[in-house]
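Data block below; observations after.
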């Protein structure tokens, strides 16, 4: 992993409202109501675990065991899947960056169906630029990161 061991898995804490910000790291926290009902929930879960939400954002994904290659334009970045879980009312996918990633950090995706049937997607991340050019162009890289996150959310809609 390309970020400190004590932070491994911390993105899941950010999914809860009592998750603490991690000092020195950029935090991404986006939510979107996807719709209502079991069909909407199952569709969103399928979109997440088949990487279709990533494809919607222009990311090509190649997965081998727990290692994921994310390709955006000609940039290849690598992550390790830390958690992949689907329950009856909640699904979670978490991955952390490896050394060949543009950023350092972790990203967590959660899809939840509430008692009233409302389906919500929540994406959180903590990150820092890893490559010299990402550090230099951090404001632009950050805007791209937020835009991609919003596209992930759109890609989870029915």
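Whether any residue in region 66-79 is surrounded by fewer than 17 Cβ atoms within 10 Å (Cβ to Cβ) and within 17 Å of residue 124 (Cβ to Cβ) is what I want to check. Among the residues of region 66-79, not one is surrounded by fewer than 17 Cβ atoms within 10 Å (Cβ to Cβ) and within 17 Å of residue 124 (Cβ to Cβ), which makes the answer no.
Can you name the residue in region 94-109 that is in contact with a strand residue (DSSP E or B) (Cβ under 6 Å, 6 or more places away or on another chain) and surrounded by fewer than 22 Cβ atoms within 10 Å (Cβ to Cβ) and is also nearest to residue 67 (Cα to Cα) among such residues?
Only one residue tops the list, namely 98.
The number of residues in region 127-149 being in a strand (DSSP E or B) and at pLDDT 95 or above comes to 0. Of the residues making up region 28-45, those that are over 13 Å from residue 120 (Cβ atoms) and surrounded by 15 or more Cβ atoms within 10 Å (Cβ to Cβ) are 28, 42, 43. When the test is whether a residue is surrounded by fewer than 18 Cβ atoms within 10 Å (Cβ to Cβ), over 19 Å from residue 58 (Cα atoms), in contact (Cβ under 8 Å) with a residue 24 or more places away in the chain and out of contact with any strand residue (DSSP E or B) (no Cβ under 6 Å at 6 or more places or on another chain), residue 118 does not pass it. Within region 126-151, being farther than 16 Å from residue 73 by Cα and touching a helix residue (DSSP H, G or I) at 6+ places or on another chain (Cβ under 6 Å) holds for one residue alone: 129.
Checked against (1) in contact (Cβ under 8 Å) with a residue 60 or more places away in the chain; (2) surrounded by fewer than 20 Cβ atoms within 10 Å (Cβ to Cβ), residue 50 meets all criteria but (1).
Quick check on my filter: what residues within region 121-141 are surrounded by 16 or more Cβ atoms within 10 Å (Cβ to Cβ) and closer than 23 Å to residue 23 by Cβ? 122, 123, 124, 125, 126, 127, 128, 129, 130, 131, 134, 141 - these are the residues of region 121-141 that are surrounded by 16 or more Cβ atoms within 10 Å (Cβ to Cβ) and closer than 23 Å to residue 23 by Cβ.
The values are calculated or read from the model by the stated rules, or taken from the named source; none is laboratory data. Everything numeric in this text was worked out from a predicted model, so none of it was measured. Reconstructed Cβ throughout: ideal geometry from the backbone, glycine too, with neighbour counts over all protein chains shown.
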